[in-house]
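Accompanying notes for the structure given below.
Readers should treat all values here as calculations from the given coordinates under stated rules, not as data from a laboratory. Remember, it's a predicted structure, so these values are computed and weren't measured experimentally. Heads up, the Cβs are rebuilt from the backbone with ideal geometry, glycines too, and the neighbour counts pull from every protein chain shown.
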Amino acid sequence: MISRKRDSLENAARGNSLGRDAWRRLKANRAAMASLVLLGLITLAVVVGPWLSPFNYYSQDYDAIWTAPSWASGHFFGTDAVGRDLFVRTLNGGRISLMVGIVTTFVSLIIGVTYGATSGYLGGRTDNLMMRIVDILYSLPFMFFVILLVVFFGRNLLLLFAAIGAVSWLDMARIVRGQTLSIKQQPYIEAARMAGAGTPGIIARHIVPNLLGLVVVYVTLTIPQVILFESFLSYLGLGVQPPATSWGALINDGTSEMSVAPWLLIIPSIFLAVTLFCFNFIGDGLRDALDPKDR
Amino acid sequence: MSRPLLEVRNLKIDFETHDAVVDAVHALDFTLERGEALGIVGESGSGKSQTVLGLIGLLAPNAKISGTATLTGSGKQGDIELLSAKPRILRKVRGARIAMIFQDPMTALNPHLKISTQMIEVLRAHRGMGRREAMQAAIDMLEAVRIPEAARRIKYYPHQFSGGMRQRVMIAMALSCEPEILIADEPTTALDVTVQAEILDLIDELRARTHTALILITHDLGVIAGQCSRALVMRRGDLVEHGPIEQIFRAPEAQYTRDLLAAIPRLEG
């Protein structure tokens with residue numbers, strides 16, 4: 001115990017990297033750590049689970065429609081109206097949902113932060129022009145945009161990423177710009193300019209690191225939002241097409257059969273809700289962990 | 001060595017706002033010799049800070065500046081006309097030949113970056129040092145400003161230092177590239193009185209070592225008296241008085257200077 005304490009003192013004295021330090025403080029946050037573990041388990045299940053089951057997500061079994069969840073039948077989560085195994089479908093849907101959520105958010109993060117920080121830092125006419133472009137994109141009706149894309153390029157998953165990504169970076173850009181406007185008034189920005197730093201250097205070294213806390217929290221809010229967005233599109237027949245599925249699509253199917261087979265609604269909902277909670281807790285924990293003043 | 005290091009002629013700074021033009025500085029002339037310490041005194045809004053910001057091209061975008069400010073070349077480099085220089089050239093001057101210490105050390109360091117990162121960056125940019133070499137130079141600099149255990153503390157974040165220590169870090173950063181001119185904009189205003197003297201002595205000592213000229217901006221005549229050989233007194237953008245420090249204190253010409261001196265509280269009795 002004593003030697004561990006000394007060890008941690010030496011660590012503190014050595015001065016840790018931002019990443020390692022943040023990780024140490026994140027570990028102290030129980031809710032965040034539990035969420036991280038849970039999310040890891042869900043991700044693992046979603047990735048390897050479908051391979052371990054004897055069923056697949058598209059085979060129909062008319063002898064076993066609306067089977068309630070049971071160990072005996074091997075349908076752990078039951079089956080749906082055409083006898084497809086819900087266990088495999090839930091995990092398969094999770095693959096799509098998580099992938100859409102993470103990939104799209106990542107894309108919107110990169111575009112949004114770069115765009116917003118540049119616009120905010122440069123200010124003046126450039127800022128005006130860049131933000132008016134965002135306004136114009138905002139004003140495009142989203143559904144119209146998606147339908148147009150589908151008409152031109154047909155339905156595929158990649159398009160879904162592109163469509164959701166194209167709208168979700170706008171929020172990020174606005175939020176980042178707003179924050180940048182206040183950061184750029186900070187004396188250390190002036191000090192950096194005084195030390196001869198150029199514009200790209202200041203944005204990358206001084207603006208973006210200071211945005212980190214805000215951006216991380218926003219990302220953890222965007223991922224669930226995007227997952228919900230995807231389910232909305234799927235519901236309208238513009239997203240994932242059967243027999244492929246996602247959590248959103250499963251829940252939508254479940255609502256119509258709620259009275260006959262409630263597990264079709266309840267089980268995917270639990271997965272979705274738990275995942276969204278996890279992201280929120282992790283975001284909260286990360287925000288605290290990344291604030292250097294808290295250490 | 002006959003020519004001054006910095007020669008400012010007819011410096012004017014205006015700010016265009018929506019409904020008026022505010023003239024912050026009008027027709028300012030002054031020179032700065034190598035290694036000299038020049039004080040600029042004045043009340044708030046007298047244009048003292050804007051003057052130096054104007055010299056290095058860091059005024060707000062709505063500012064209009066005219067006149068000339070010539071930085072005499074050193075070695076192979078020719079003279080640089082600061083007010084009309086291209087941003088690329090000015091960037092090389094800032095930090096390398098003209099460095100600045102800001103008023104509030106609590107906010108002038110980026111809270112998200114370690115001291116080492118911030119110091120090394122400047123050294124690498126201006127002196128073309130490698131990472132390792134820059135790290136060593138930064139540690140040496142911190143030792144020079146008497147930060148104990150510099151090699152360890154360099155990896156700290158700004159909030160882990162006290163105000164006085166942060167100002168010393170700022171000084172170390174500013175002087176790390178051995179600039180010819182150090183601009184100190186109210187360097188001690190945000191600090192305790194006991195720390196103030198320490199900081200001023202430190203600036204003096206380091207400056208003597210590197211033969212750096214100093215422009216000290218302050219509203220505190222006492223600070224000027226201890227540090228500078230010459231001083232400018234400014235009021236509302238005008239140069240009120242300009243002369244050796246003894247003259248300003250013993251035989252001030254302008255009424256405003258006399259008022260400033262009279263404003264220093266004394267214990268009577």
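Numbers at a glance
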{"item": "Residue of B:H126, B:H18, B:H242 that the Gaussian network model of chain B assigns the largest fluctuation, springs spanning Cα pairs under 10 Å", "result": "B:H18"}
{"item": "Projected label distance in nm at A:A273 and B:D29, using a 7 Å step from Cα toward the beta-carbon", "result": "8.1"}
{"item": "Charge dipole of chain B about the Cα centre (unit charges at C-beta), most positive-ward option of B:Q247, B:H219, B:P105", "result": "B:P105"}
{"item": "Positive-end residue of B:Q136, B:P187, B:I199, charge dipole of chain B with Cβ unit charges", "result": "B:Q136"}
{"item": "B:R124-B:E205 FRET efficiency (beta carbon distance; Förster radius 30 Å; 0.05 resolution)", "result": "0.70"}
{"item": "Top positive-direction residue, dipole computed over region A:20-177 with Cβ charges, set A:L170, A:L129, A:L140", "result": "A:L129"}
{"item": "B:L214 long-range amide H proximity, modeled H, under 5 Å", "result": "B:E36, B:A37, B:L38, B:L182"}
{"item": "Computed FRET value (nearest 0.05) for A:D135 with A:L181, which takes r as the C-beta separation and R₀ as 22 Å", "result": "0.85"}
{"item": "Candidate aspartates and glutamates for bridging to B:K114, where Cα separation is under 19 Å - those fewer than 8 sequence places away on the same chain excluded", "result": "A:E10, A:D21, A:E190, A:D288, A:D291, A:D294, B:D104, B:E133, B:D140, B:E143, B:E149"}
{"item": "Centroid-to-centroid separation of region B:244-269 and region A:71-139 [C-alpha atoms, Å]", "result": "68"}
{"item": "Long-range HN-HN contacts of B:D23 with modeled amide H, under 5 Å", "result": "B:F15"}
{"item": "Label point distance in nm, B:N10-A:D291, each placed 7 Å from Cα along Cα→Cβ", "result": "5.4"}
{"item": "Aspartates and glutamates with Cα under 12 Å of B:K12, excluding same-chain neighbours fewer than 8 positions away", "result": "B:D23, B:D29, B:D238"}
{"item": "Note, ³J(HN,Hα) from phi for region B:250-257, Karplus 6.51, -1.76, 1.60, rounded to Hz, x at Gly and Pro", "result": "8, 9, x, 7, 7, 4, 4, 5"}
{"item": "Anisotropy class of region B:195-269 from Cα gyration tensor, a/c 1.5 cut", "result": "oblate"}
{"item": "Length gained when the stretch B:L58-B:A225 is fully extended (0.36 nm per residue, less Cα-Cα span)", "result": "57.3 nm"}
{"item": "Theoretical gain in end-to-end length, B:D19 to B:D140 [0.36 nm per residue, Cα-Cα removed]", "result": "38.4 nm"}
{"item": "FRET E, pair A:L158, A:N56, Förster distance 35 Å, beta-carbon r, rounded to 0.05", "result": "0.95"}
{"item": "Length added when fully stretched, A:L122-A:V151, from 0.36 nm per residue minus Cα-Cα", "result": "6.6 nm"}
{"item": "CD proxy at 222 nm, helix term only [per DSSP H run n ≥ 4: -39500 (n - 2.57); per residue of the protein assembly as shown; nearest 500]", "result": "-18000 deg cm²/dmol"}
{"item": "Separation in nanometres of the label points that stand 7 Å from Cα toward Cβ, at A:E257 and B:K92", "result": "7.3"}
{"item": "Residue-wise HN-Hα coupling along region A:170-179, computed from phi with Karplus coefficients 6.51, -1.76, 1.60 (Hz; x: Gly, Pro)", "result": "5, 4, 4, 4, 5, 5, 5, 4, x, 5"}
{"item": "Under Karplus coefficients 6.51, -1.76 and 1.60, residue-wise ³J(HN,Hα) of region B:220-236 in Hz, glycine/proline x", "result": "9, 4, x, 5, 4, 4, x, 10, 10, 9, 9, 8, 10, 10, 10, 8, 6"}
{"item": "Spatial separation of Cα centroids for region B:33-112 and region A:176-203, in angstrom", "result": "17"}
{"item": "Dipole in debye (nearest 20) - chain A, about Cα centre, beta carbon charges: Lys, Arg +1; Asp, Glu -1", "result": "1340"}
{"item": "Cα-based Rg and Dmax for region B:1-116, where Dmax is the largest Cα-Cα distance (Å)", "result": "15.6, 47"}
{"item": "Size of electric dipole in the protein assembly as shown: Cβ of Lys, Arg +1 and of Asp, Glu -1, about Cα centre, debye, nearest 20", "result": "1360"}
